[in-house]
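A quick write-up on the structure given underneath.
The values are calculated or read from the model by the stated rules, or taken from the named source; none is laboratory data. For clarity, every value in this text was computed on a predicted model and none was experimentally measured. All accessible areas refer to the heavy atoms of the entire protein, side chains included, with ligands and DNA or RNA removed. Shrake-Rupley method; radii C 1.70, N 1.55, O 1.52, S 1.80 Å.
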Amino acid sequence: MHKDETHQHMHGYGIYLLVWMGLLTLTGVTVAVAGINFGALTIATALIIASIKSYLVLTIFMHLRIEQRVFRIFLVVALFFFIISIVLLFADYSFLIKS
Amino acid sequence: MNTQEHAVSHVHRDDIASRMGMWLFLFTELLLFGGMFFLYSVYRFMNAEEFHVAAKELNTLIGCFNTAILLTSSLTMALSITAIQKDNKRLSILFQVITISLALGFMVNKYFEWTTKFDHGIYPGSDTLLAKEPGEILFFGLYYVMTGLHGLHVVIGAVLIGVMTRFTIKGVITKDSFVKLEAAGLYWHLVDIIWIFLFPLFYLIT
């Protein structure tokens, strides 16, 4: 988007309303889908929908889309280590449970 | 913060650094809640069946309602920043007040939800709870700690926004200086994101 901006651009009211409707719709979807049993995919579906919702909140409500790039890099680094922790944790536990 | 004033009433400030500081703080919140989500995921992995049974006790309707409330409060928070950017002070204050009211609404729901649980004898250390399976005890332990800590964040967020409303009324937060409001907004949206994950993980495992 806009690079090297010194002062922040702003969002209008409209985009926030759109995102809000999107978030409510996704909440409806996640509730509707929760009743269906996809087996192991059930929790994955819930987490994917929650991630999409978080992405919308982060980029639009929290202005990351119009923020300087360094903010996005910071977030990606933080999430990277968060995901590493949980992957290693489960690598460990799935092994412990099986043995 | 450096508030060295120049002769022309020019106050030195760095809005980008202020927002960056807020983001760094939010990353520590990710660690705080992240640790609990790790705990939740391992316990659920080890006690899948019992988590399903225990989750049936939770009221999905209240959960849905509270989700809608928090999402809407995030909307009004974001709108209040746009309003102040457009120099519409009264509208900004109105949106902030709506945000605070929605936060209180969330806590009122939480109060009814928890007291209903207490009436059913489900609270940490109760005989009814201790008679349940170990996995169910873990589920309710996590439920109270995680939604409780989240609730505490909602209260803190509401107080913060209240302070910002006062600042807006007093003219500390203006069209040209609204980074404080933005920081409070970032905190509020984080509270929203945490709930976005808590809701399906606790209320929607059937």
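Ligands, DNA and RNA are left out, and with a 1.4 angstrom probe the accessible area of segment B:127-166 is 41 Å² per residue.
Computed from the Kirkwood radius of its Cα pairs, the Stokes-Einstein diffusion coefficient for segment A:56-99 at 10 °C and 1.306 mPa s stands at 128 µm²/s.
Express in % the proportion of alpha carbon pairs of the protein assembly as shown at distances exceeding 30 Å. Show your work: numbers first, answer last.
Numbers: 17017 of 46360 pairs.
Value for the protein assembly as shown (Cα pairs over 30 Å): 37 percent.
The alpha-carbon positions of segment B:94-141 define a convex hull whose volume is 66 Å³ per residue. For the chain pair B and A, the interface hides roughly 4000 square angstrom of accessible area in total, found with a 1.4 Å probe.
May I ask you to work out the translational diffusion coefficient for chain B at 10 °C, viscosity 1.306 mPa s, via Stokes-Einstein with Rh from the Kirkwood sum over Cα pairs, reported in whole µm²/s? Estimated via Stokes-Einstein, D reaches 85 µm²/s.
Accessible surface of the protein assembly as shown, 1.4 Å probe: 70 percent of it comes from carbon and sulfur atoms.
Panel note: the C-alpha atoms of segment B:12-114, placed on their principal axes, show extents of 56, 30, 17 Å (largest first).
Rolling a 1.4 Å probe over the protein heavy atoms leaves A:M10 with an accessible area of roughly 90 Å².
How many times 2.2 N^0.38 Å is the alpha carbon radius of gyration of segment B:130-206? Intermediate values should be presented prior to the final figure.
On the way: Rg = 17.7 Å, N = 77, 2.2 N^0.38 = 11.5 Å.
Output field value: 1.55.
Translational diffusion of segment A:10-67 was estimated from the Stokes-Einstein equation, with Rh taken as the Kirkwood radius over Cα pairs; at 4 °C and 1.567 mPa s the coefficient is 105 µm²/s. Rolling a 1.4 Å probe across all protein chains gives B:R44 an accessible area of roughly 30 Å². Restricting the calculation to Cα atoms, chain A yields a radius of gyration followed by a Dmax of 17.9, 57 Å.
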